[in-house]
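Below: the structure, in structure tokens.
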Amino acid sequence: MVAEWATVRVKAPAKINLALQVLGVRPDGYHELRTVFQSIALADTLTFRAEPGPFRIACDDAACPTDATNLVWRAAARVWTAAGRRGAPRDVSVKIVKRIPVQAGLGGGSADGVAALRALAVLWRVNLTTRRVRRIAATLGADVPFFLDGGTAIGVGRGDVLMAQPDRPRASVVIVIPRFGVSTREAFGWWDEDASLATLPDQRDKPHRVDDRCGGVNDLEAPVAARHPAIARLVRALRRRGARQAAMSGSGSAVFGLFDRRTDADQVARRLAARGWRVLVTSTVNRSGYARLARPTCLRGPRDLPMKEGIV
Ligand code: C5P
């Protein structure tokens, strides 16, 4: 059943949030969101190799967990069960080349989780229905389902109920990565604290629509910037230097600026890097571009490896 000598490689592209409204706290403790997700070309590369032994993950970024808390591990456990196998997953080693900074609000862990679902469905020859994959993705994390299709999508509920949006013109994206990270849980906790102190307007009065009119709004930005003032300074710096939109991504700590021209993005990135900031330049990716980027490739294995099956 397992192609024992097979190796499957897959890219896991990141996201930014073009807008993010927090509408309130739900009975399940999560926050009700209206957000606009946008895929970007910045991606991790994951290589899954079938070889005897316990399931293991290696990563070139020490900040990335390699134990069962990694979404790759949790995704593997779900595909293993779906393949009708018992116990913990085994006989696969995973190598993650991490290019998406961790705790940055760029969805790196979630993107890797979906990459694992795709790659292991191929490696273990599991034909997962789209419905089952969606169900698994939603249990892995609130923003994980977005990474099944990528592109531009509005996310409501916990961020997991998605409405695909028409492609937008490609933009160059400058991403500044502060030296501190922010955990998603922490950022929402700060939003709770500040909302209870009534230092924020009542979020529930906000319109229940997210579209171009609220582009650039991120309701998590103020509570995070209140604890990390560098965030607000970076957003201002990107706007001053010509970004047509600048904001913190998701729960931070990364801040992005959108530029129509790559040359402008490169110039702004060089200036910020010269001042000591860690900066990346990438571009937005539409839905079809995402499908091409995120498709697994089989490096070694039997010719009949069913690349068209599963969720690829
Ligand atoms: O779903 P995920 O595990 O990625 O979420 C991490 C944490 O972020 C949750 O435990 C919760 O504290 C917070 N969160 C939230 N509301 C959301 C998404 C995440 O409160 N819509």
Open item on the list: Take Thr139 and tell me if it is surrounded by fewer than 21 Cβ atoms within 10 Å (Cβ to Cβ) and more than 13 Å from the ligand (Cβ to nearest atom).
Closed with: no
Open item on the list: Cβ-Cβ under 9 Å, sequence separation 6+ or interchain: first residue in segment 174-188 and open to solvent by 40 Å² or more (accessible area, probe 1.4 Å), partner modelled with pLDDT of 95 or more and within 8 Å of the ligand (Cβ to nearest atom). Which pairs?
Closed with: Thr184/Gly141; Thr184/Ala142; Thr184/Asp143; Thr184/Ser251; Arg185/Ser251; Glu186/Ser251
Open item on the list: Among the residues of segment 185-195, are any under 30 Å from Thr263 (Cα atoms) and at pLDDT 95 or above?
Closed with: no
- [ ] Please find, among Arg78, Arg34, Arg56, the residue that is among the basic types (Lys, Arg), within 16 Å of the ligand (Cβ to nearest atom) and more than 19 Å from Ser251 (Cβ to Cβ).
- [x] Arg78
TODO: Tell me the strands (runs of 3 or more DSSP E) entirely within segment 1-113 that contain at least 3 residues that are small (Gly, Ala, Ser) and in contact with a helix residue (DSSP H, G or I) (Cβ under 8 Å, 6 or more places away or on another chain).
DONE: 7-25, 31-54
Open item on the list: Condition check: in contact (Cβ under 8 Å) with a residue 60 or more places away in the chain and either within 23 Å of Gly150 (Cα to Cα) or touching a Pro at 6+ places or on another chain (Cβ under 6 Å) (or both). Does Phe48 satisfy that?
Closed with: yes
Open item on the list: It is to be established whether one or more residues within segment 142-164 are open to solvent by 20 Å² or more (accessible area, probe 1.4 Å), assigned to a helix (DSSP H, G or I), away from the ligand (no atom under 16 Å from the Cβ) and within 15 Å of Val36 (Cα to Cα).
Closed with: yes
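The values are calculated or read from the model by the stated rules, or taken from the named source; none is laboratory data. What you see is a predicted model, and the numbers here were worked out from it, not measured in a lab. Cβ atoms come from the backbone with ideal geometry, glycine included; neighbour counts cover every protein chain shown. SASA here: full protein model, heavy atoms, side chains in, ligands and nucleic acids out. Shrake-Rupley method; radii C 1.70, N 1.55, O 1.52, S 1.80 Å.
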